Amino acid sequence: MSPADKNGSLLLDRYAEVTGREVIHHLQQLAAPLKGAKVVHVNSTREGGGVAEILQKLIPLKRALGIDASWEVINGSPAFYECTKGFHNGLQGMGSPIPKQLLAEYEKVNAANAEELRSTLEEADFVVIHDPQPAPLLSHCPERRGRWLWRCHIDASHPYRPVWKYLRQWVIPYDASIFSIPQFAQPLPHPQYIVAPSIDPLSEKNRDLPLEELQTVRERFKLDPDLPMMLQVSRYDRFKDPLGVVQACQLAGKLTPLQLVLAGGGASDDPEGEAVLAEVRQAAAGDSRIQVLLLPADAHHTINALQRTADIVLQKSIREGFGLTVAEAMWKGKPVIGGDTGGIRLQIFDHYTGFLVRTPEGAALRIRYLLHRRELLKEMGQRAQRFVGENFLITRHLREYLTMLLGLQSGTQGRMELGL
Amino acid sequence: MTESTADPVEATPFAVRDCALISLTTGLKAQNLREFCDILRRIPLESIEHHLWGRLLQPRFDEPEYNNDFASWAYHGLHDKTLAERLSMVLPTDFTDQEALRQELVEVLEERLDQCEMVPWAKGEQQFHFLRSQIVVFDSGLRFSRPVDLVPYLANLSTGSIYYHFIDARNRTAERWDDFSAWLAGCGPEYHLLRERLCGVDPYFSSLQNIRQIVAELFQTFFEEAAQ
């Protein structure tokens, strides 16, 4: 066995400890017909944000299953990221026209990156392009031999039409696209798969932590041990509604003493974060029970400890592609109060694994509701953990990817029978 | 495990198959009951299959009230409890073919439309999106000559195998049996009681993990009783 094979086997063994051996065996059998296939993923950031986190884990797992998986990252200029942030906002329905010079920069950056990546992409059996940033790469690879998929991680259910109209031209030539939930899909002339994202139970952000480490985090951030702790972990982005979270906790805190920690980092492809952070700091100024933390992109261990320390986790987004932080908190046995939007609805089953809310008042109400029903809070957390274990771990994600690749490889529309 | 009931049988060994499923959109969606009914009349049968039982292999909360996507939407989307109750009791196993099943679903919807003064409708964000599935079936390599040999393996079968043998089988075989029951029928009359118990398991009201546990327990109990 080569060192790479040995490492892959050890990696699969570690997952088997969490998911059960049968889950890994299932993946191995599903991956067998894809052994040696070249699969290239392309996105625009190596760190920060859910896409990078998923790829950091998905690639080694695919390799462990014998697939020749790799990950490429395109490089862009500030103007490029300004443009793609406009796309992101536009796809989520908060749009404004994007200046032509920014669109020209977007196309120029993609053309330049295509020069670097062309041979890798054209040789691949499958290319998965993540989000709008690298979408035009396909148009620069006329000799491509594999299947190309566009993976949209964004809530594109109500896009700002001019932005979607522009992006659509780049997406149409793909062989298939992938959306997180059916509501996000847009009319396109190719198959559209539905694959929800996932969390990695072995990652630094999700692995079990000893109690002493939770105590260390309490001391580090001077958390009051006598006050219940609310937590929202997310980038400082208007769609995550951090201001709404501050408002909700201030409202609930009038009657039920509590403390709030907002923990966020920046993604290298998000130029708006600083402005939002400043607004949040201003809203929380003078309230000693609110802490606004700006954590580095690799603060996974700290985030893990904060999530495990919290009594209730919030993800009060007003638009959300999926909201991996919801599944992360649920995996740690916490009930989540989430915005009634996008992929959060797929994770929180209202009143069973948490609550879906539409306003800061709604979040405040549910905070008070849970803090006065501690047994229910615990029960909900346990249900949430079981639900994530069965549905939102990376092994389920990988199973769906493999099934999709097999479907594309065979060209079959319905049932495929392998080697029967 | 007992040797008395586990005599070697002549039947073909039980070949454990496994499967995985991926959802695709059909591009069709309904916002009110009339649209829903119209689409249901013409949607490919595989979409109906997906919403009635393919959902078991998809990430979802174990719906505490309704056991198929149509009933669930009638309740959560249209807020029509009467319709949700009726749709949840349309049992796929009652129909000889899937076209007949479609006709029954349409019948229930039309009846409800006749009864309503206004067409029930859902908010824009709660439209029903019709999906379909691609399913990959493969051989797990596991073979069992005698029913008793299955006992130690059942609790660890993948949910894909449970889906294939316990849910999908009812759809793909003329007898509408699960594969375990069909195989036991060829293994001799001593397994009649186990078959009866398996046939008594409601396949559409549990998660695959639950079904796996129930099937494993039925086998375990049967052979323990036989040993006594």
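None of the figures in this text is laboratory data; all of them are computed from the coordinates on show. As the structure is a computational prediction, the values presented were derived from the model and not from experiment. With ideal geometry, Cβ positions are generated from the backbone for all residues, glycine too; neighbour counts draw on all protein chains shown.
A DSSP coil position with no more than 12 other Cβ atoms inside 10 Å describes the following trypsin sites (Lys or Arg not before Pro) in region A:205-273: A:Lys222, A:Lys254. For region A:161-226, compute Rh as the Kirkwood radius over C-alpha pairs and then the Stokes-Einstein diffusion coefficient at 20 °C and 1.002 mPa s; write the answer in µm²/s, rounded to an integer. Translational diffusion coefficient: 132 µm²/s. Our Cα-only numbers for region A:148-287 put the radius of gyration and Dmax at 20.1, 58 Å. Considering only A:Ile337, A:Thr412, A:Gly86, and ranking their Cα positions along the charge dipole of chain A that arises from unit charges at the beta-carbon of Lys, Arg, Asp and Glu, the one farthest toward the positive end is A:Ile337. With viscosity 0.692 mPa s and temperature 37 °C, the Kirkwood radius over alpha carbon pairs of region A:260-361 converts through Stokes-Einstein to a diffusion coefficient of 226 µm²/s. The slack in the chain from A:Ser70 to A:Leu418, taken as 0.36 nm per residue of separation less the alpha-carbon distance, amounts to 122.7 nm.
In region B:182-228, which chymotrypsin sites (Phe, Trp or Tyr not before Pro) fall in coil by DSSP and have 12 or fewer other Cβ atoms within 10 Å? Loop-located and lightly packed - none at all.
Per q in 0.12, 0.14, 0.18 1/Å, what log10 I(q)/I(0) does a Debye calculation on the alpha-carbon atoms of chain B return? Here the Debye-derived log intensity ratios amount to -0.70, -0.89, -1.27. Our coupling estimate for region A:135-148, obtained by passing each phi through the Karplus curve with A = 6.51, B = -1.76, C = 1.60 and θ = phi - 60°, is 4, x, 4, 4, 5, 9, 10, x, 8, 4, 10, x, 8, 10 Hz, Gly and Pro reported as x. In summary, region B:20-132 shows an alpha-carbon radius of gyration equal to 0.99 times the 2.2 N^0.38 Å reference for compact globular proteins.
In peptide A:18-24, how many Cβ atoms from other protein chains are near each Cβ within 10 Å, on average? Partner Cβ neighbours, averaged per residue: 3. Taking 29 Å as the straight-line reach from the Cα of A:Lys35, the lysines in range (excluding those fewer than 8 positions away in the same chain) are A:Lys6, A:Lys57, A:Lys62. Rounded to 0.05, the FRET efficiency of the B:Phe95 and B:Asp149 pair, given R0 = 30 Å and the Cβ-Cβ distance, is 0.30. Compactness of region A:211-391 was expressed as the Cα radius of gyration divided by 2.2 N^0.38 Å, which yields 0.93.
The HN-Hα couplings worked out from phi for region A:164-169 by the Karplus form 6.51 cos²θ - 1.76 cosθ + 1.60 (θ = phi - 60°) are 5, 4, 5, 5, 3, 4 Hz, whole numbers, x standing for Gly and Pro. The radius of gyration of the Cα set in the protein assembly as shown, together with its Dmax, comes out at 25.7, 83 angstrom.
For a quick protection proxy, order the peptides B:39-49, B:19-29 by their average other-Cβ count within 10 Å, most packed first.
Result, highest mean first: B:19-29, B:39-49.
A cut-off of 5 Å between modelled amide H atoms, ignoring neighbours fewer than 5 places along the same chain, links A:Val128 with A:Val40, A:His41, A:Val42, A:Leu149.
Put in order of Cβ neighbour count within 10 Å, fewest first, the listed residues B:Glu217, A:Glu400 become B:Glu217, A:Glu400. Among rounded, prolate and oblate, which fits region A:81-167 when a ≥ b ≥ c are the square roots of the eigenvalues of its C-alpha gyration tensor, a/c under 1.5 means rounded, and a/b larger than b/c means prolate? It comes out oblate by the Cα gyration axes. Computed on region B:20-132, with alpha-carbon pairs under 8 angstrom and 6+ residues apart, the relative contact order is 48 percent. Helical runs (DSSP H, four residues minimum) scored at -39500 (n - 2.57) apiece and divided by the length of chain A put the mean residue ellipticity at 222 nm at -14500 deg cm²/dmol. The label point for A:Arg386 and the one for A:Glu107, both projected 7 Å from the Cα toward the Cβ, are 5.5 nm apart. Shape of region B:152-228 from its Cα gyration tensor (a ≥ b ≥ c, root eigenvalues): rounded if a/c is under 1.5, otherwise prolate when a/b > b/c, or oblate? Taking the square roots of the gyration eigenvalues as a ≥ b ≥ c, region B:152-228 is oblate.
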